[in-house]
Amino acid sequence: MNPLKRLGRRRASVLALLAAAALVTPGTANGAPGTPDDVKASTLGAQAAQSGRYFGTAVAAGRLGDGTYTGILDREFNSVTPENEMKWDATERSRGQFTFGPADQIANRAQARGQRLRGHTLVWHSQLPGWVSSIRDANTLRSVMNNHITTVMNRYKGRIHSWDVVNEAFADGGSGQLRSSVFRDVLGNGFIEQAFRTARSADPAAKLCYNDYNIENWSDAKTQGVYRMVRDFKARGVPIDCVGLQAHFGTGGPPASFQTTLSSFAALGVDVQITELDIAQASPTAYANTVRACMNVARCTGITVWGIRDSDSWRASENPLLFDRGGNKKSAYNAVLTTLGGTPAAARSTPAAPGGKPAAPRNAVNAAALPSRYSWSSSGPLISPKPDSTHNIAGIKDPTVVHYNGKYHVFASVASSSGYNLAYLNFSDWSQAGSATHHYLDRSAIGRGYRAAPQVFYYAPQRLWYLVYQTGNASYSTNPDISNPNGWSAPRHFYSSMPDIIKQNIGNGHWVDMWVICDSANCYLFSSDDNGHLYRSQTTVGQFPNGFTNTVIAAQDSKYALFEASNVYKVQGSNQYLLLVEAIGSDGRRYFRSWTTSSLAGSWTPLAASESNPFARANNVTFPSGSWTRDISHGEMIRAGYDQTLTIPSCRLQYVYQGMNPNAGGDYNLLPWRLGLLTQTNSTC
Ligand code: 9MR
């Protein structure tokens, strides 16, 4: 929110560091009012997404005509690996003749449903056409390998979250060395490094993985061999981002050291992924142990099972998967869902929404990817100021909202001639928003003075609600119970003072609109300067709320094109993040531009980012109940969940925003801002 004409409060409120003690407030017991139980979803993908992970499966193009198969695929999984269709013998059967039909079929289908894609695999001694394995000349083989990697990766550039660049290059047994293959025998051990370097140039956005089996037991020579290679690659700057552990287990499941193996690879600075999980006879305990090991390692970013039903498996006679031949869930399925943190459907009672209708499955994965054009329908003003004897409020602004425990919980700035503070209200349905009681948070330990532009989320690792807001610094309060307006702690600051990079770039702007979002490993704090810069700082999930350093400019444009009120979200069921930033248009009115990225620390690609193709602007919003505003200003998306991952659905979006009578003018603090709700009208799912 823009603190123009804020009468110097910003400067007055830049306080010295309130040494934010690293003390983690102990959580209240699960189930206490206002405190979430462990997050509950009823499908594997949706539940994994709650911790920022994916849950995927291998898919065979030949089975896509089977409705039982695709029904389970689309219900349960948010990542897909083509089981054979991207392999060398499928994509380049003869030299230079590429065929992508079945791979395209899987990739296009997954993309249309918002499922992520793993690429499998570029360089592998098996399923390799004879014309490659018979090459004896190193220059020829190098050029053939590089051309294969480049051509296949180009085909799917920007669409694959992780590629198995090299598969199964290490030998079984006690040597810890590479296996004999045409690649090693003709090119030498350096072929792996060469393949990774070529892959990085071909698709810089894809995570590059080394993938292998029998590397789950930490003390095995093969595991140690792969570990030494990854350590060496990281030390020398050879591009590698992840290690895929196939996890084809016998009846006992993972070795006792499995989690140690995952965390040891992760400690080298790579992600780990379980890429081909199946377990002979599918013992629920063995599956639970596998999933738990991944959940316990922050950089274990996802799990893929190697097929859907037992009959789809390459080892069908061992019944190793989560669904039986009829497509029914096996007990291993429930063990996996529970270990991911969800509730199996049979044990689940669907809470009724007000009015007796079943509540919408807010955690369900919405299938479509984000569109690049938007249209919206707006409500009239739903929330207006409610002054009382001590709060002479003129405007209500900067809403933040979570849907939790059957209610919308809304926090907002309230503006009056004496400045800004915060209000809280809750209601079970938007039709009741106007009649909800407004609680003024200056009566809590948050206290009086300049507090504005709140953001609320539940920080699951600490079982605490956080309210982040601006005070001249970036500040926060915590509360074990979101519904208790008196439960908020006194403000603490994220920074000791304004980071140098902001001081150097802020010009005559203001430091505003702090926003926190976390992935499974890190938390990021975004802020704006009303001067064309979006800043980003970073800390680890373990250190949060402390340790925000490395402040960088995450995006920049001219002052009014990238003004303030940035929001960043994770898009459910995809590897996309969405950035919205408020701009001031050529008509002087506020509107939102949008960008996406696959990595919170990465750069942003425009999505709907212009005045003629905005994310939300008066020109793509209809007002069936009267056109009460021309500004679509500071607001927030209604999320799919409520935790620190800031996960939103990928379709049927709803956006709570501030608008005002276009004829109003005068003192900025006295402008009559009201809150309304946009609902997306061009959703395809
Ligand atoms: O599941 C795949 C099966 O359909 C193929 O016949 C087989 C051919 O080698 O490959 C299977 O998948 C393998 C994967 O690509 C790499 N790791 C081992 C998997 C099981 O063999």
Looking at the range 530-555 only, could you name the residues that are in contact with a strand residue (DSSP E or B) (Cβ under 7 Å, 6 or more places away or on another chain) and assigned to a loop (DSSP other than H, G, I, E, B)? 530, 532, 541, 544, 545, 546, 547, 548
Residue match in the range 85-98 (condition: at pLDDT below 95, open to solvent by 20 Å² or more (accessible area, probe 1.4 Å) and away from the ligand (no atom under 16 Å from the Cβ)): no
Filtered residues of the range 168-190 (kept if assigned to a loop (DSSP other than H, G, I, E, B) and open to solvent by 30 Å² or more (accessible area, probe 1.4 Å)): 172, 173, 174, 175, 177, 179, 180, 189, 190
I'd like to know if the range 378-385 contains one or more residues that are open to solvent by 10 Å² or more (accessible area, probe 1.4 Å) and touching a Ser or Thr at 6+ places or on another chain (Cβ under 6 Å). yes
Counting only residues that are of a type outside the set (A, V, I, L, M), in contact (Cβ under 8 Å) with a residue 24 or more places away in the chain and not in a loop (DSSP other than H, G, I, E, B), the range 316-332 contains a total of 3
Here the residues within the range 406-426 that are closer than 14 Å to residue 639 by Cα and in a strand (DSSP E or B) are 407, 408, 409, 410
For strands (runs of 3 or more DSSP E) lying entirely in the range 238-305, having 3 or more residues that are in contact (Cβ under 8 Å) with a residue 60 or more places away in the chain picks out 271-279, 300-305
List the residue pairs whose Cβ atoms are under 9 Å apart, where the first residue sits in the range 118-140 and is under 18 Å from residue 100 (Cα atoms), the second is modelled with pLDDT of 95 or more and exposed (fewer than 12 other Cβ atoms within 10 Å of the Cβ), and the two are 6 or more positions apart or on different chains. 129/94
Which of the residues belonging to the range 74-86 are outside any loop (DSSP other than H, G, I, E, B) and either more than 21 Å from the chain's Cα centre (by Cα) or of a type in the set (Lys, Arg) (or both)? 75, 82
Exactly one of 72, 106 is touching a Pro at 6+ places or on another chain (Cβ under 6 Å) and either under 20 Å from residue 206 (Cβ atoms) or not acidic (Asp, Glu) (or both), and that one is 106
Within the range 429-447, how many residues are farther than 16 Å from residue 492 by Cβ and at pLDDT 95 or above? 10
With the requirement that a residue be within 16 Å of the ligand (Cβ to nearest atom), closer than 19 Å to residue 278 by Cα and surrounded by 15 or more Cβ atoms within 10 Å (Cβ to Cβ), what does the range 224-253 give you? 243, 244, 245, 246, 247, 248, 249
Could you run through the range 67-84 and say how many residues are open to solvent by 10 Å² or more (accessible area, probe 1.4 Å) and within 16 Å of the ligand (Cβ to nearest atom)? 2
Any chance you could count how many residues in the range 282-322 are under 28 Å from the mean Cα position of the chain (by Cα), of a type in the set (Phe, Trp, Tyr) and within 14 Å of the ligand (Cβ to nearest atom)? 1
Residue 489 passes all but one of (1) open to solvent by 20 Å² or more (accessible area, probe 1.4 Å); (2) farther than 22 Å from residue 467 by Cα; (3) in contact (Cβ under 8 Å) with a residue 12 or more places away in the chain; which number fails? (2)
Hey, can you tell me all the residues within the range 43-66 that are outside any loop (DSSP other than H, G, I, E, B) and more than 16 Å from the ligand (Cβ to nearest atom)? 44, 45, 46, 47, 48, 49, 54, 55
I need a count of the residues in the range 87-100 that are under 17 Å from residue 166 (Cβ atoms) and part of a helix (DSSP H, G or I). 3
Please identify the pairs in which a residue from the range 38-50 that is over 17 Å from residue 331 (Cα atoms) and among the basic types (Lys, Arg) has its Cβ atom under 9 Å from the Cβ atom of a residue that is at pLDDT 70 or above and open to solvent by 10 Å² or more (accessible area, probe 1.4 Å), counting only partners at least 6 apart or on another chain. 40/50; 40/341
In the range 534-547, anything under 17 Å from residue 472 (Cα atoms) and buried (at least 23 other Cβ atoms within 10 Å of the Cβ) is listed as 534, 535, 537
Any chance you could count how many residues in the range 611-631 are surrounded by fewer than 16 Cβ atoms within 10 Å (Cβ to Cβ) and part of a loop (DSSP other than H, G, I, E, B)? 6
Mind counting the residues in the range 254-276 that are hydrophobic (A, V, I, L, M, F, W, C), away from the ligand (no atom under 16 Å from the Cβ) and open to solvent by less than 10 Å² (accessible area, probe 1.4 Å)? 5
Testing residue 208 on (1) within 24 Å of residue 85 (Cα to Cα); (2) open to solvent by 40 Å² or more (accessible area, probe 1.4 Å); (3) away from the ligand (no atom under 16 Å from the Cβ), one condition comes back false. Which one is that? (2)
Search the range 52-66 for residues being open to solvent by 20 Å² or more (accessible area, probe 1.4 Å) and touching a helix residue (DSSP H, G or I) at 6+ places or on another chain (Cβ under 7 Å), and hand back the single one that is nearest to residue 105 (Cα to Cα). 64
Give me the pairs: first residue in the range 191-214 and in a strand (DSSP E or B), second residue of a type in the set (Lys, Arg) and away from the ligand (no atom under 16 Å from the Cβ), beta-carbon distance under 7 Å, and six or more apart or on different chains, which are they? 208/200
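The values are calculated or read from the model by the stated rules, or taken from the named source; none is laboratory data. As the structure is a computational prediction, the values presented were derived from the model and not from experiment. Positions of Cβ are backbone-derived with ideal geometry, glycine not excepted, and every protein chain shown enters the neighbour counts. SASA here: full protein model, heavy atoms, side chains in, ligands and nucleic acids out. Shrake-Rupley method; radii C 1.70, N 1.55, O 1.52, S 1.80 Å.
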